[in-house]
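S.K.: Here you go, one structure.
The values are calculated or read from the model by the stated rules, or taken from the named source; none is laboratory data. Worth saying up front: this structure is predicted, and the values here are computed from it rather than measured. FYI the Cβ positions are ideal-geometry reconstructions off the backbone, even for glycines, and counts take in every protein chain you see. Note: accessible area is taken over every heavy atom of the protein model, side chains too, but ligands, DNA and RNA are not part of it. Shrake-Rupley method; radii C 1.70, N 1.55, O 1.52, S 1.80 Å.
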Amino acid sequence: MTERKPVESWLTDMDGVLIHEGVPIPGADAFLKRLKESGKPFLVLTNNSIYTARDLHARLARMGLDVPTESLWTSALATAKFLDNQHPGGTAYVIGEAGLTTALHDIGYVLTDHDPDFVILGETRTYSFEAMTKAVRLINNGGRFIATNPDETGPSAEGALPATGAVAALITKATGKDPYFVGKPNPLMMRTGLNAIGAHSETSAMIGDRMDTDVLAGLEAGMETFLVLTGVTGKSDIERYPFRPTNVVDSIADLVDRV
C-alpha cells in the first residue's frame, strides 16, 4: 500500500462527529482548538442545506464549539458553487430554506417559478405538497433537476424524518427524471471544499461517521479517511461495504493528537 503524505488540511463532518442531537461529542472542542492552533486549513461539512454558514456558526457557538464562518461548508454552498460554474446568472425554482436561497442569491441567481433553468430541491422543515407538485410540472416543462444531497432521512428527537433524498425519489417517480445530487457522497462537494481552502487531496483527510457518505466521498476525492464510531456506522457495519476507511477510531477525541 502506498504510504500517504502527512495530513496538512482536515475536512470533517458535523453531525455524528462533532455533535450528536445538539450536544458536543467529547473531544470536539479540543480537536477544533488544536486545529486552529496548528494553522492548518480545515472545513466542517454538512449535507444539511437548511442553515447559512453564519447560522451554523451561531448554533455551534451556543454549544461551546467555535467554528469560523469561513470554515463551514454546506451542501447549499456547494450547490451554489456548482451552478455558478456550470450556468452563471441563471434562474431557479427552489424548495428549501435560507441556507439554500441565500447561497443562490449570493451568486446572482434569480428565484422564480416561471420557466426556471433549474428546479433545486433542498432540506426544509415543511415539505409542501403544492411546492412538490409545482416542481414536478416545472421539471416536465424542461427545468433541470438538482438536489443538494441524497440523504433519505434526517434525525429528530422523535425518530427519523424524511429528507431530501426521499422527496427527490417522489419527484423522480412523478417525472421520470433523476436529480443531480451535489452533496456527499459526490466527491464534487469535497473537491470544491478543498479548493475553497487551497488544499490538495493528497495531503488532506476526511473525518466522518458514515461509510456511505463521508468515507465514500473522501475515498473518491483521493483523501485519507477516518471513520469515527460516534454516529451512524458501527464497527460491525464496516464489513458490509466493498470499500474501507483508511482508519477507524472510537471518536474525534482520538484524533486531537493527530493534528
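S.K.: Relative to the present Cα-Cα distance, how much length would full extension add between residue 235 and residue 196 at 0.36 nm per residue of separation? Before the final figure, lay out each step's value.
M.R.: Numbers: separation 39, 0.36 × 39 = 14.04 nm, distance 3.23 nm.
Extra length available between residue 235 and residue 196 comes to 10.8 nm.
S.K.: So if I restrict to the alpha-carbon atoms in the chain, what is the Rg, and what is Dmax, the biggest pairwise distance, in Å?
M.R.: Computed over the Cα atoms of the chain, radius of gyration and Dmax are 18.1, 54 Å.
S.K.: Whole Å is fine, so just give me how far the alpha carbon centre of segment 20-41 lies from that of segment 74-130.
M.R.: If you average the Cα positions of each part, the centres end up 31 Å apart.
S.K.: Using 20 Å as the cut-off for backbone N distance, which residues of segment 39-78 belong to the label zone defined by a point 7 Å from the Cα of residue 23 along Cα→Cβ?
M.R.: Flagged as within label range: 59-66.
S.K.: OK, next. Give me the three principal axis extents of segment 6-100 from the C-alpha atoms, as integers in angstrom, largest value leading.
M.R.: Principal-axis extents of segment 6-100 (Cα, largest first): 43, 32, 18 Å.
S.K.: How big is segment 170-259 by Rg and Dmax over its Cα atoms, in Å?
M.R.: Rg, Dmax (Cα atoms, Å): 14.9, 50.
S.K.: Of all GluC sites (Glu not before Pro) in segment 10-98, which ones are in loop regions per DSSP and have a Cβ with at most 16 other Cβ atoms within 10 Å?
M.R.: Details: sites: 21, 37, 70, 97; in loops: 21, 97.
Within segment 10-98, the qualifying GluC sites (Glu not before Pro) (loop, at most 16 other Cβ atoms within 10 Å) are 21.
S.K.: Let me ask something additional. Using 0.36 nm times the number of residues separating residue 129 and residue 8, minus their current alpha carbon distance, what extension gain do you get?
M.R.: Numbers: separation 121, 0.36 × 121 = 43.56 nm, distance 4.61 nm.
Difference between extended and current length: 39.0 nm.
S.K.: Still on this structure, please answer the following. What angle do you read, to the nearest 10 degrees and between 0 and 90, between the alpha-carbon axis of helix 75-86 and the longest principal axis of the chain?
M.R.: It is inclined by approximately 60 degrees.
S.K.: I've got another one for you. Given R₀ = 41 Å, what would the calculated FRET efficiency be for residue 86 paired with residue 250, taking r from the Cβ atoms and rounding to 0.05? Could you put the intermediate results ahead of the total?
M.R.: Details: r = 40 Å, r/R0 = 0.99.
FRET efficiency, residue 86 to residue 250: 0.50.
S.K.: Which order do 73, 10 take when ranked by solvent-accessible area (1.4 Å probe, heavy atoms of all protein chains), largest first?
M.R.: On the way: 73 30, 10 5 Å².
Descending order: 73, 10.
S.K.: Right, something else. Treating the beta-carbon of each Lys and Arg as +1 and of each Asp and Glu as -1, no other charges, what is the dipole magnitude of the chain about its Cα centre, to the nearest 20 debye?
M.R.: Roughly 260 debye, rounded to the nearest 20.
S.K.: For residue 153, which sequence-distant residues (separation of 5 or more, or a different chain) have an amide H within less than 5 Å of its own amide H, given hydrogens modelled in the peptide plane?
M.R.: 163
S.K.: Would you mind checking 5/40; 134/177; 33/184 for any pair whose Cα atoms are more than 21 angstrom apart? If you can, show how the numbers build up before the last one.
M.R.: Details: 5/40 15 Å; 134/177 15 Å; 33/184 26 Å.
Distance filter (> 21 Å) returns 33/184.
S.K.: Moving on. Solvent-accessible area of residue 254, probe 1.4 Å, all protein chains present, reported in Å² to the nearest ten, please.
M.R.: Rounded to the nearest 10, the figure is 80 Å².
S.K.: Connecting C-alpha atoms closer than 10 Å in a GNM of the chain, tell me which of 51, 241, 109 has the biggest fluctuation.
M.R.: 241
S.K.: With everything on Cα atoms, drop me the angle between helix 164-175 and the longest principal axis of the chain, reported from 0 to 90° to the nearest 10.
M.R.: 30 degrees
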